[in-house]
Amino acid sequence: MLDLRSLDIRQGSFRLRADFRVAPGAKVAVLGPSGAGKSTLLSVIAGFFPAQGGSVLWQGQPLEGLAPGRRPVAMLFQDGNLFPHLDIARNVALGLTPARRLTPAQRDRVAQALARVGLAGFGPRRPAELSGGQQSRAALARILVQERPLLLLDEPFAALGPALRAEMLDLVAALVEETGATLLMVSHAPEDARRIAGEIVLVEGGTAHPPAPARALLDNPPEALRRYLGD
Amino acid sequence: MKHLVLATGCLLASQAAAQTPVLNVYTYDSFDSDWGPGPQIEQAFEAQCACDLVFTPAGDGAALLSKLRLEGARSKADVVLGLDTALMAQARATGLFAPAQVSADYALPLAWTDDTFVPFDWGYFAFVGNADGPKPHSFRELAASDAKIVIEDPRSSTPGLGLLLWVQKAYGDEAPEIWKALSDNIVTVTPGWSEAYGMFLEGEADLVLSYTTSPAYHVIAEDDDSKVALPFEEGNYMQVEVAAMTAHAPQPDLARQFLAFLVSDKAQSILPETNWMYPAVKPATPLPAAFDQIVPADKALLMSPEEAEAARAPALDAWRSALAR
Amino acid sequence: MALRAGALIARGSAGLLLALLFAPLAAILIRAGGGYLPAPADWAAVRFTLLQAALSALVSVALALPVARALARRRFPGRRLFIALTGAPFILPVIVAVMGLVAIFGVRGALNTALAQLGLGPLRIYGLHGVVLAHVFFNMPLATRMLLQGWQAIPAERFRLAAQLNLPPAATFRLLEVPMLRQVVPGALAAIFAICLASFAVALILGGGPRATTVELAIYQAFTFDFDLGRAAVLALMQTALVALAAVAALVFARADGSGAGLGRPIARWDAPRGWRRGADVLVLMLAAAFLAAPILSLALSGLPGLAQLPAGIWGAAMTSVLVALASAALTCLLCLGMAAGLSAVVQGVGLLPLALSPLVLGTGWFLILNPVIAPSVLALPMLVAVNTLMAMPFCLRILAPAYARAESDHGRLADQLGLRGLARLRWLVLPRLRPALGFCAGLAAALSMGDLGVITLFGTSGQDTLPLLMYRLMGAYRTEAASAVGLILMALSFGLFWLFDRGGAAPDA
């Protein structure tokens, strides 16, 4: 259970408040206008940016003071999810261990993850040799081996075409289904939310609203969401 | 047990070292180079001393004295070889040198009475030029001509200091005027002899401040007689190179023995064609013709060490203001 | 977390550097029993030092501007080689470079020979203009590289946008290039100013007499001829203060200035104007190439005849020099990496300080400290490595620190996410990302170290000649041809080491 308790995030004149819980295994889309603070909210949960007040709790334990790598969080950014100087296998393996030599079991685990995202045999290649969609798959393979119970996506598929993006979202949905992880994904597109998210957190006007069921919200949007959707 | 083994080892090592005593000689760089006198001197002395002669090179004569002063009484040096008359007063004042009671029948143009510093070779400073180039006979004639010269800086080189004292000795109170008159002849002033001589060879100047023995190198080593050294009517200033034992020498007997060897015929016959200076004692075998004296003995100029030390600072100020147009 | 450890390492490295720099000064002052106020002649030296350093910096940067601009916007075969070769003067030993300049600009040099054909009288290079000429020869390539980095750091998209808007070259310059220059030029000026402050032999030889006395010469005189340690230490402190001022000015006016590596990589440009501007660029590049290459070529040619007369000690000396260069390169990279890890401007400012301290001051101070403990001659080579490392640090830090900062800003978040810290971060993030910059630094440090006469004469070693020392000894014994040949071998080894490291760093990379 992710618990954002009276979070108060400030950055210059920008301010964002959040106070809600996310149920275990929930798939939540974070929606809102550009500059509302969606990415900042995820950064605070992941530990890249400190909140001014309040607390982020996971299973009742506060996460403050834990380095990003020590949190139960796996995160994909808009870009830079792979080290360009390392091959795909190593990029995935870093989700398991920073050691130079992998055990046979770890090597198998990497190969399985690559096969699961449809990249069997791509291990020795560098990221630059892969297409955008393949790079996204490789990043997802690493998420898979990281086995973190909370997955944060900060629009990692924004640069992909609609069909490819849909394909990636389906893959993400399938992966969190398999692992039982909780998913928070920033999105601009209501159709993405409709596609895989059960709930929506609307970020708007300095507040991150508590999650509400996606379908109901989109079918009958309140004033704030209508402004954003523009109809 | 381990300590015992270690201690025994140290003891044995020091005993082994004690069997062949080491004589440490500090000298200037070029003395100890492969083509300098160092290797031959070392071989000849080791053949008679049952010791190990170790040269430690340290820059030029001035740097040599600085090094010894930095080390002070803790120095390992037994002998310092390569100071000259311009540095002798400073060297004596440090109290780091001891009389060696070595003397010889010196072939210097002046009487040598010092009991601490042993002269081993000497030469005259002179302007060196090309046989077909300008050949002024005095500073005044040089200043009046449009011949171009390269000189060394008296603040950083021994020949530069020699030239400063030369003009001072020859002209006394008139020295600043001579420098003023020379200033339009001076192409440039270099930090050391090597740069000046190199620029002269490149053709940057007609004349360079060097030694009367410089042409001998070109004749003997390169079979080239196109370089000439110029005797001046005022006389040419001398450089006498000296060696001395240190007051705290770990091997005083060997040091004395080495200084005596330095003025023996054996060492003296090695020096001319390796160090390109005149020997301090006339060697048994005559010198090559290229070493014939061009400066008559009564034209030899030299300040006593005390005179040189007193003249240095005021002469330097005069030099600087005369050339800083 | 990782950053905190980095800051700790950086502070440690900076502390070590400060100790290495200032312990010797303290030792000299203690031994001298205090300092002395400088004499009027010393103030004259300070004034001349400032004047020549300021002029040299201004002219170097002014001349580098059109060269860097032409390099930034033109693509031609041999561009990479051009950039590599223009770095050459910087790594030449001073006396070699001066001889090369004399061979071109001297009375019997190529320039005056050509002028004589036109019936024009010989030009003399001695005087303030000669000092500036030599310093420009040494430092214009450095300025060119720093400015070129600035140009290449302007995103290609902005030039694309300018092309799309059909902006005339003057507007492109004002809108895109001037803001960049405002960032980069102060840093380049300060760096070259600082380098020229410590000039000694060049200033004296080409300055033509005592009016071209620099502080460094006054320090030399105080040490060797006057044995006035107190005055030497005070002069050294004054020189350090001047460099510190320049360093602060550089920090205030200029921030990041990009990496020195990967300069040869062609990027498509849309802003290269055609017509007469193209001709002007070609002319600028050809003049720069001639100015920088001619003295080096003439040095190489004059070294050839002496190759037959090389002394027996040459290979031993070459081996010693190469080993010292490799050790200095390794140590420099290690220390710079440590200091870059702090990502702190102050720590990087400290890195400029070694520019101010002459090897003579460092050597003498350490000699005083070490002499009571251990025979200095045993430590001659380690000291040489240490001093060479200090001298190379300011340049390497300027290259490594921004590269380090960029690696962290580009990929630090991902590394944090994966919990990569300490050695794991070094292995998987820092070293691979910094490889080109590290290669460039190692090459630069090795080459600079090859050409440095350094402290070896003071510490005195028997049978451990380095190449510059051997060359100097040959010159001091009338053996000019052999000395030129040793100079040629020295140049070849310096370039060789630089090239090997630089290429090694520039291995295929995403």
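When we screen C:Ala403, C:Ala507 for residues that are modelled with pLDDT under 85, in contact with a Lys or Arg (Cβ under 9 Å, 6 or more places away or on another chain), within 14 Å of chain A (Cβ to nearest Cβ) and under 30 Å from C:Leu362 (Cα atoms), the only hit is C:Ala403.
Note on segment A:126-214: enclosed strands (runs of 3 or more DSSP E) holding 2 or more residues that are under 19 Å from C:Arg413 (Cα atoms) are A:150-154, A:182-187. When C:Leu63 is tested against (1) within 14 Å of chain B (Cβ to nearest Cβ); (2) open to solvent by 10 Å² or more (accessible area, probe 1.4 Å), exactly one condition is not met: (1). For segment B:233-249, the criterion of a residue being out of contact with any Leu (no Cβ under 9 Å at 6 or more places or on another chain) and free of Cβ contacts under 8 Å to residues at least 24 places away in the same chain is satisfied by no position. Of the residues making up segment C:190-209, those that are open to solvent by less than 10 Å² (accessible area, probe 1.4 Å) and of a type outside the set (A, V, I, L, M, F, W, C) are C:Gly207, C:Gly208, C:Gly209.
May I ask you to verify whether C:Phe223 is modelled with pLDDT of 80 or more and at the interface with chain B (Cβ under 10 Å from one of its Cβ atoms)?
Values: modelled with pLDDT of 80 or more: yes; at the interface with chain B (Cβ under 10 Å from one of its Cβ atoms): yes.
Yes: the conditions hold for C:Phe223.
Would a scan of segment C:132-151 turn up a residue that is at pLDDT below 85, in a helix (DSSP H, G or I) and either aromatic (Phe, Trp, Tyr) or surrounded by fewer than 19 Cβ atoms within 10 Å (Cβ to Cβ) (or both)? Within segment C:132-151 (the criterion being at pLDDT below 85, in a helix (DSSP H, G or I) and either aromatic (Phe, Trp, Tyr) or surrounded by fewer than 19 Cβ atoms within 10 Å (Cβ to Cβ) (or both)), the answer is yes, since at least one residue qualifies.
If I filter segment C:177-189 for residues that are surrounded by fewer than 16 Cβ atoms within 10 Å (Cβ to Cβ) and either charged (D, E, K, R) or within 14 Å of another protein chain (Cβ to nearest Cβ) (or both), do I get at least one hit? Among the residues of segment C:177-189, at least one is surrounded by fewer than 16 Cβ atoms within 10 Å (Cβ to Cβ) and either charged (D, E, K, R) or within 14 Å of another protein chain (Cβ to nearest Cβ) (or both), which makes the answer yes.
Working only within segment C:351-385, note down all residues that are small (Gly, Ala, Ser) and either outside any helix (DSSP H, G or I) or open to solvent by 20 Å² or more (accessible area, probe 1.4 Å) (or both). Let's see the steps before the verdict.
Here is the first cut: in segment C:351-385, the residues small (Gly, Ala, Ser) are C:351, C:356, C:358, C:363, C:365, C:375, C:377, C:380.
C:Gly351, C:Ser358, C:Ala375, C:Ser377, listed by residue number.
The set of residues in segment C:68-124 being part of a loop (DSSP other than H, G, I, E, B), more than 13 Å from every other protein chain (Cβ to nearest Cβ), open to solvent by less than 30 Å² (accessible area, probe 1.4 Å) and at pLDDT 80 or above consists of C:Arg74 alone.
Going by what's in this entry, would C:Gly342 be described as open to solvent by 10 Å² or more (accessible area, probe 1.4 Å) and modelled with pLDDT of 85 or more? Before you say what the answer is, go through the steps one by one.
Values: open to solvent by 10 Å² or more (accessible area, probe 1.4 Å): yes; modelled with pLDDT of 85 or more: no.
Answer is no for this residue.
The one condition from (1) away from chain B (no Cβ under 14 Å); (2) within 20 Å of the chain's Cα centre (by Cα); (3) open to solvent by 20 Å² or more (accessible area, probe 1.4 Å); (4) at pLDDT 75 or above that C:Gln348 does not meet is (4).
Every condition in (1) more than 16 Å from the chain's Cα centre (by Cα); (2) closer than 26 Å to B:Leu108 by Cα; (3) modelled with pLDDT under 95; (4) buried (at least 22 other Cβ atoms within 10 Å of the Cβ) holds for B:Thr158 except the one numbered (1).
Is there a residue in segment A:112-119 that is at pLDDT 90 or above and over 25 Å from A:Leu150 (Cβ atoms)? Within segment A:112-119, none of the residues are at pLDDT 90 or above and over 25 Å from A:Leu150 (Cβ atoms). Please verify whether segment A:102-116 includes one or more residues that are open to solvent by 20 Å² or more (accessible area, probe 1.4 Å), within 14 Å of chain C (Cβ to nearest Cβ) and under 28 Å from A:Ile9 (Cβ atoms). Within segment A:102-116, none of the residues are open to solvent by 20 Å² or more (accessible area, probe 1.4 Å), within 14 Å of chain C (Cβ to nearest Cβ) and under 28 Å from A:Ile9 (Cβ atoms). Selection within segment B:15-51: residues that are among the acidic types (Asp, Glu) and touching a Leu at 6+ places or on another chain (Cβ under 7 Å). The member of this set that is surrounded by the most Cβ atoms within 10 Å (Cβ to Cβ) is B:Glu42. Just so you know, in segment C:406-426 the residues that are at the interface with chain A (Cβ under 7 Å from one of its Cβ atoms) and in a helix (DSSP H, G or I) include one that is farthest from A:Leu76 (Cα to Cα), and it is C:Ala424.
Is it true that B:Gln101 is open to solvent by 20 Å² or more (accessible area, probe 1.4 Å) and on the phi > 0 side of the Ramachandran plot?
When the stated conditions are applied, B:Gln101 passes them.
Note on segment B:153-205: among residues that are at the interface with another protein chain (Cβ under 7 Å from one of its Cβ atoms) and polar (S, T, N, Q), the one that is farthest from C:Arg473 (Cα to Cα) is B:Thr188.
Considering each of B:Asp84, B:Asp60 in turn, give the residue that is within 16 Å of the chain's Cα centre (by Cα), open to solvent by less than 20 Å² (accessible area, probe 1.4 Å) and of a type in the set (D, E, K, R).
Details: B:Asp60 fails: open to solvent by less than 20 Å² (accessible area, probe 1.4 Å).
Result: B:Asp84 is the single residue among B:Asp84, B:Asp60 that is within 16 Å of the chain's Cα centre (by Cα), open to solvent by less than 20 Å² (accessible area, probe 1.4 Å) and of a type in the set (D, E, K, R).
Counting only helices (runs of 4 or more DSSP H) that sit wholly inside segment B:235-294, not one has at least 2 residues that are closer than 30 Å to B:Arg140 by Cβ and either at pLDDT 95 or above or open to solvent by 10 Å² or more (accessible area, probe 1.4 Å) (or both).
The values are calculated or read from the model by the stated rules, or taken from the named source; none is laboratory data. It should be emphasised that the depicted structure is a prediction, and the values quoted were computed from it without experimental measurement. Positions of Cβ are backbone-derived with ideal geometry, glycine not excepted, and every protein chain shown enters the neighbour counts. Accessible surface areas use protein heavy atoms only, side chains included; no ligands, DNA or RNA. Shrake-Rupley method; radii C 1.70, N 1.55, O 1.52, S 1.80 Å.
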